[in-house]
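The values are calculated or read from the model by the stated rules, or taken from the named source; none is laboratory data. Just so you know, these numbers come straight off a predicted model, no measurement behind them. Neighbour counts are summed over all protein chains in view; Cβ atoms, including those assigned to glycine, are modelled from backbone coordinates with ideal geometry. Only protein heavy atoms, including side chains, enter the accessible area calculation; ligands, DNA and RNA are left aside. Shrake-Rupley method; radii C 1.70, N 1.55, O 1.52, S 1.80 Å.
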Amino acid sequence: MRPVLAAVLLAALLTACGSGPDEAGSRGGRAAPTGAVGSGVDAAEPSPPDRTVSGLRDDTRHVTRRTTTGTRPRMVNRCTTRVRKVKHTSTSGTGRRKRTRTWYSDDSYKDCKKVQQGTTGYTRVVRRARWCVELDDVSGNSTKDDVWYEVESDVYRKATQLKEGAKLSFTPLRRGC
């Protein structure tokens, strides 16, 4: 393909995809505002929703971590020293008097493979630890009672120090326990 034709074809493709040269009326290479007119810069990208919940402390629950022992194969390297013959040649002289001498030597190397040798024990986590807090009157709504939230351990610690019915707000990890 000719270089001039390739350049024209590339320019046409880039312009069609919106990445062409910046011209009047062209949106190539620039982001168009998505917010309402006169709404300011912050309206272009919505902020993430605030996940903080508040309510009256009802109950707390700590679900402990449960583990069990498991076994897996113990893999070890088993190496064997092997020997291979290496051919060497040396040439001397020129023309009709050229002479090639050949000799062999032994080269030793290690051949290693992973093989199973017994088993090894490890601790397997069956259930991870969870810290939960139950709230009443979530976000001031008196009909939203007994709602459980999973929280971080420091939020759980603060909640256990409060009396039942005390106002509490936090950002939960997830809903439910």
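Per-structure values
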quantity	calculated
The stretch 63-86 residues that are under 30 Å from Glu134 (Cα atoms) and free of Cβ contacts under 8 Å to residues at least 60 places away in the same chain, paired with ones that are open to solvent by 100 Å² or more (accessible area, probe 1.4 Å) and part of a strand (DSSP E or B) (beta carbon under 9 Å, 6 or more apart)	Thr67/Arg124; Thr68/Arg124
Within the stretch 57-87, tally of residues that are open to solvent by less than 70 Å² (accessible area, probe 1.4 Å), among the basic types (Lys, Arg) and more than 30 Å from Val147 (Cβ to Cβ)	0
All positions within the stretch 138-174 that are under 14 Å from Asp59 (Cβ atoms), touching a residue at least 60 places away in the same chain (Cβ under 8 Å) and surrounded by 14 or more Cβ atoms within 10 Å (Cβ to Cβ)	Val138, Asp145, Val147, Trp148, Tyr149, Tyr156, Ala159, Leu162, Leu168
Residue within the stretch 88-106 that is among the acidic types (Asp, Glu), open to solvent by less than 90 Å² (accessible area, probe 1.4 Å) and more than 33 Å from the chain's Cα centre (by Cα) present	no
